[in-house]
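The values are calculated or read from the model by the stated rules, or taken from the named source; none is laboratory data. None of the values given here were measured: they were computed from a predicted structure. Here the Cβ is made from the backbone with ideal geometry for all residues, glycine too, and neighbour counts use every protein chain on show. Only protein heavy atoms, including side chains, enter the accessible area calculation; ligands, DNA and RNA are left aside. Shrake-Rupley method; radii C 1.70, N 1.55, O 1.52, S 1.80 Å.
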Amino acid sequence: MWAGLVQRHTGTGGKVTLHGVGKRGDTCLRTLLIHGMRAVVTNVMEQGPCVEDMNTRRPPNIAIVALANKMARTRWAVLAHDRPYKQEHLCAKPT
């Protein structure tokens, strides 16, 4: 399944770089994901640690697009690998 949300990811020497949301894919799907994440960020009373951390580090629109990208990657991984969704893997911070 290719949604056209991420143009590519590159890596060398074990370090993988994930690029941003591309504009060549499905415009409607990209718009829906971004608007959905915007609704979550603005209307949820108790935001998760990922959302709070991203909002403190980035401007609001950039944070929303980044979180939408992360949500799309998570959904793709769940569908592609046929695994159940586990919330504890969502915001795992390195210790």
**Message:** Counting only other residues whose beta carbon sits under 10 Å from that of Leu67, what net charge do I get with K and R as +1, D and E as -1?
**Reply:** +3
**Fill in**
For Leu18, Leu79, Leu29, Leu67, the accessible-area ranking with a 1.4 Å probe, largest leading, is Leu79, Leu18, Leu29, Leu67
